[in-house]
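Remarks on the structure that follows.
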Amino acid sequence: MKQLLNAVISEDSIKPERRIYYMISAWFVASRIVVYSLGIRFDDSGLGRLWQVADLTLLKERLWETVFYMHGQPPLYNLYIGACLKFLESCSHYIFWFTHLATGLLSCLMMVFLLRKLCVAPLLALIATGIYIIMPPVILYENWMFYTYPLSFFILLSTMLFYKFVETGEGNKGKLFFLSLAVIALTRSMFHLAWIIFIIAGITFLKPELRKRVLIGSVIPFILVLFWYTKNEAEFNYFGASSWFGFSLAKMTTNRLPGSLKDELIDEGKLSPLAGHISFSEAVIYRRYLSVPGTGIPVLDRDYKSSGYPNYNALLYKYAAEKYKEDAIYVLKNYPQVYLGSVGVAFFKYFMPASEYSFLERNRDHIPLYGGLYRNIICGNYLSLLVDDKNPDGFKEKVFDKVHFNLIAWKIFFFIYALILLSRLIKKEGLSNRVLTTAFILFNVAYVAVVGNFSDMPENNRFRFLTSPIFLVITGVGINEILRGWAKRER
């Protein structure tokens, strides 16, 4: 046992070190061959119905206009899809698939890089990354066409570029780092302009010697994000990346009011008639209460996409979202317990396996045994054994089927342990590259958890996947420190 422990934490366990990258690459390729043999296929069949994606026909025929006038989403993901459909439609499926595979492989290589830079032993870095590669959520999100998987890559990329920037202080690395932040902010509205400002301020405060290079490197990426926000202010009278915040807040407030109370508040004029309908209802419902003039711009005027699914980027939904926001604020002020209960539900969902998501079901059905093992044993869904199959909709059954003890313990323990370790490293090393990178990871993990769970539900387990790669990095750091502590006591 002692010899095994020493081998795992030894700095000489794998030499030369580049072998780790070869081994991880080979493991990734081999695992994806097995995944394909199991029947899992890259699924882009849902593009036409995704809320976040504009009408595919408009993206092909009126790309720039459609992307420019989208008020519900930042532009980059739709621009990427539209460019592929417009110029390479015949092979777009394979481009999307290859992009996901490439980002998956690169993510694994960056994870090894960060684990080693944060002083995790070579063999442990190899084992941790190797396990990550074959986790069901990773496999399933990699084979689903949506921005969740690419964004997890860019968050990991930004972490690696952050490390390189604070390590070398090179201006070009700083420019690439801030550009990666802009890509994230212009893909997912959760990453607000304020997020970028906070990071810029944090680096200039903690590393004053980099102040000039931070300001120079961040100016163009910052202007790009600011331009999108300013465009929305000029065109749609709101300063932000998405006009849908009212819908999200309503899901946590107005939509969760008891029906009788909601009807009473509507009758008294304290809530608008829209409060009687759930967020993102059909356009025909909103047109009963809202009159929106035509603009001559298809993406703003059409209630439905050419696929037949609702066009949530229609201007009608922008005005509906404003009404929902007003109602949600009223409920938040007068019935805060409703919102707080929703936050609790959001955190409950956050700690569910990311693989338990409806859009992943098509591929998840190909790995029922492995998926069940991951959900019930690895994630610790032990209480599901107590579920009464005759009463699947009972409160006990709904709760028991969704509590995953191991997953909750893993996330909470290693986040707290990383905070404790960070405080120790600050005393020992000061503001070293390792300290700053660990702090950057913890900040982003906390940011996604807080912003995601306090502003939206019920897809919070999908939100958590965004930080899965960087969380595995701090998990590896934590395990490495624990094993080193055991080894010292053994001597």
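FYI, it's all coordinate maths here, none of it is from the lab. The model shown is predicted, which means the values in this text are computed figures rather than measured ones. All Cβ positions, even for glycine, are placed from backbone atoms using ideal geometry, and neighbour counts span all protein chains on display.
A compact table of results
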item	result
As computed over the range 1-145, the Cα convex hull volume per residue (Å³)	147
Kirkwood-type radius of the range 161-200, with distances r between different C-alpha atoms, in Å	10.4
Cα convex hull of the range 423-489 - mean projected area over all directions, nm²	5.6
Distance histogram for the range 57-117 (every C-alpha pair counted, 5 angstrom bins, percent rounded to whole numbers)	4, 17, 19, 16, 14, 12, 9, 6, 3, 0
Residue among 417, 119, 153 farthest towards the positive dipole end of the chain, charges placed on Cβ	119
Orientation-averaged projected area, Cα convex hull of the range 160-258 (nm²)	7.7
Ranked by how many other beta carbons lie within 10 Å on average, peptides 183-191, 436-444, 92-100, 355-363 from highest	183-191, 436-444, 355-363, 92-100
Peptides ranked, highest mean first, by Cβ atoms within 10 Å: ranges 130-140, 81-91	130-140, 81-91
Straight-distance crosslink candidates among aspartates and glutamates, where the alpha carbon sits under 13 Å from residue 2 and sequence neighbours closer than 8 are dropped	490
Degrees separating the helix 92-117 axis from the principal Cα axis of the chain, which is the longest one	40
Size of the range 306-373 as Cα extents on the principal axes (Å, biggest first)	47, 39, 10
Cα shape, the range 63-217, gyration tensor, a/c 1.5 rule	oblate
Column: log10 I(q)/I(0), Debye, Cα scatterers of the chain, q = 0.08, 0.10, 0.14 Å⁻¹	-0.54, -0.86, -1.60
Relative contact order computed over the range 162-269 (Cα-Cα under 8 Å; 6+ residues apart), in percent	24
Mean Cβ neighbour count within 10 Å, used as a protection proxy, ranking 160-166, 101-107 highest first	160-166, 101-107
With Cα atoms, 0 to 90° folded angle of helix 405-429 axis to the chain main axis	60
Eligible aspartates and glutamates near residue 305 by straight Cα distance, threshold 19 Å, same-chain separation 8 or greater	44, 55, 61, 65, 89, 282
Under the Debye formula (equal points on every Cα, no solvent term), log10 I(q)/I(0) of the range 402-454 at q = 0.16, 0.20, 0.30, 0.31 Å⁻¹	-0.55, -0.77, -1.12, -1.14
Angle between the chain longest axis and helix 433-455 axis [Cα atoms, degrees, rounded to 10]	30
Between the range 444-468 and the range 167-210, the alpha-carbon center distance in angstrom	20
Mean separation of Cα contacts under 8 Å (6+ apart) over length of the chain, as relative contact order %	20
Cα gyration tensor, the range 135-198 - rounded (a/c under 1.5), prolate or oblate	oblate
